[in-house]
């Protein structure tokens with residue numbers, strides 16, 4: 001998934017000016033073969049009381065060896081130990097193969113994080129914000145997949161995944177609060193394979209203005225291992241299902257794009273560790289809420305927004321998000337969904353987009369303005 005970095009102070013204007021210097025004069029033609037060696041970069045800077053001063057860099061190298069491949073890397077580190085590394089290699093590049101028939105494509109992604117102070121509120125929609133506690137979380141996610149474009153709109157993908165999540169440095173008050181007792185120290189890891197089928201009529205993958213997108217995914221983890229001081233080692237099987245639908249429409253007289261998404265995801269196993277529960281909250285799901293605000297074994301999510309131009313490559317969004325979680329997909333209903341408005345900025349590079357969204361103000365108006373940055 002796209003990660004977020006939480007900021008209390010962020011030099012937005014300086015970063016946009018730097019990006020304005022390095023980006024190409026015109027947007028690339030996504031339907032044509034790219035020039036060899038097209039490279040873009042974007043600096044990251046942050047300050048937070050918990051993580052200290054952080055610096056990072058996002059880089060995207062397109063068609064370096066003339067095979068229409070891409071390499072996408074992000075590195076971030078802070079003075080108090082926060083770490084983030086993400087690398088994605090695709091051949092051919094996602095945007096280049098979008099809307100085409102192709103024999104095969106290979107994608108590799110490696111995502112490593114070290115969250116020093118990750119929030120935990122409990123499990124389910126009844127979790128109380130006042131119970132917010134902290135712990136250290138260290139996930140590693142590696143994916144390797146092969147896909148085929150059967151037509152310009154239908155794509156199939158098969159892949160393998162390895163994921164491990166280590167929880168430690170748990171607040172002592174968690175052990176004394178029965179609402180937080182589900183969080184345990186230790187590692188949880190799984191090996192899995194997955195199948196994905198996609199129907200996609202969008203006119204552009206990176207920044208679509210019109211079209212539909214429908215995707216279904218099934219993931220089977222025949223070997224899931226949990227290791228903690230209390231349970232020692234426990235093994236079980238896990239199945240994950242996901243469906244997603246997107247719609248885009250361009251409002252010509254406003255030069256504005258209406259974008260909407262529905263997504264639902266659920267797990268089959270009844271007794272799961274917190275490490276593998278499904279979260280909503282944060283910049284990619286339920287904006288206006290902290291990262292991973294709600295956790296459980298199933299969720300439903302709706303995002304709708306208007307994307308409009310502001311100046312040059314800087315744009316803005318006004319939207320509305322709805323979502324909730326359940327302990328089972330069989331409990332799915334449209335009752336008691338959390339609703340939150342969304343506002344933010346989007347800066348369009350040639351090969352990626354920087355998004356900045358305020359968060360947390362709805363839940364705690366007296367708190368400092370916090371920004372989520374995703375790339």
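For residue 132, the conditions (1) in contact with a strand residue (DSSP E or B) (Cβ under 9 Å, 6 or more places away or on another chain); (2) loosely packed, with under 15 Cβ neighbours inside 10 Å; (3) modelled with pLDDT under 95 all hold with the exception of (2). Of all residues in region 259-274, those that are part of a loop (DSSP other than H, G, I, E, B) have Cβ atoms under 6 Å from Cβ atoms of residues that are exposed (fewer than 15 other Cβ atoms within 10 Å of the Cβ), 6 or more apart or on another chain, in 268/239. Which residue is surrounded by the most Cβ atoms within 10 Å (Cβ to Cβ), if the candidates are limited to region 181-221 and must be in contact with a strand residue (DSSP E or B) (Cβ under 6 Å, 6 or more places away or on another chain) and at pLDDT below 90? Out of the qualifying residues, it is 188. At least 1 residues that are at pLDDT 90 or above and crowded, with 20+ Cβ neighbours inside 10 Å in each: list the strands (runs of 3 or more DSSP E) lying fully within region 1-116 that qualify. Once the strands (runs of 3 or more DSSP E) in region 1-116 are filtered for at least 1 residues that are at pLDDT 90 or above and crowded, with 20+ Cβ neighbours inside 10 Å, what remains is 52-62, 70-78, 83-91. Scanning region 297-322 for residues that are more than 22 Å from residue 249 (Cβ to Cβ) and either free of Cβ contacts under 8 Å to residues at least 60 places away in the same chain or buried (at least 23 other Cβ atoms within 10 Å of the Cβ) (or both) yields 297, 298, 299, 300, 311.
The values are calculated or read from the model by the stated rules, or taken from the named source; none is laboratory data. Remember, predicted model here, so these are calculated numbers, not experimental data. We place every Cβ from the backbone using ideal geometry, glycine too, and count neighbours over all the protein chains shown.
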